[in-house]
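Novice: Here it is: the structure, laid out below.
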Amino acid sequence: MSEMYEVLERWGAWAAAENSGVDWQPIAAGFKGLLPHGKKSRFQCDDDEGIMIDGCVAKLRKYKPDEYELLIAHFVIGLSLRKIAKIKKCSEGFIRTKLKVAVAFVEATAWSLVKL
């Protein structure tokens, strides 16, 4: 598991606790109305890291809306990749590939911000 994946897990917990500025709730119809579930005591990132990742996720939303939706469903709402694949009626491998693209996009955007 990559370091960015772990950062996104903490960011997802932070965003689910209503700290996020990214408007993630009214996403695609397949995920509408789902509440965060699963792990009740998820580790959260601090506000500085959360705000930075929020900015990266906002760019993902602008340029790759499908990957954004997947990122929110998995990290914020807490759906498993298998559950997302079932909702989207596609293979779990396809979902994993799309998630890798989303994570790589956020990581690249975060690196560009850090290096400035």
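Novice: Among what's in segment 45-79 and is within 10 Å of the chain's Cα centre (by Cα) and small (G, A, S), pick the residue that is surrounded by the most Cβ atoms within 10 Å (Cβ to Cβ).
Specialist: A73
Novice: Name the residues in segment 84-106 that are surrounded by fewer than 17 Cβ atoms within 10 Å (Cβ to Cβ) and over 12 Å from the mean Cα position of the chain (by Cα), would you?
Specialist: K86, I87, K89, C90, S91, E92, G93, F94, R96, T97
Novice: Please enumerate the residues belonging to segment 68-116 that are touching a His at 6+ places or on another chain (Cβ under 7 Å) and either closer than 17 Å to I51 by Cα or at pLDDT below 95 (or both).
Specialist: G78
Novice: Something else now. For segment 63-111, how many residues meet the condition of being outside any helix (DSSP H, G or I) and either in contact with a strand residue (DSSP E or B) (Cβ under 9 Å, 6 or more places away or on another chain) or aliphatic (A, V, I, L, M) (or both)?
Specialist: Adding up the residues that qualify gives 1.
The values are calculated or read from the model by the stated rules, or taken from the named source; none is laboratory data. It should be emphasised that the depicted structure is a prediction, and the values quoted were computed from it without experimental measurement. Neighbour counts are summed over all protein chains in view; Cβ atoms, including those assigned to glycine, are modelled from backbone coordinates with ideal geometry.
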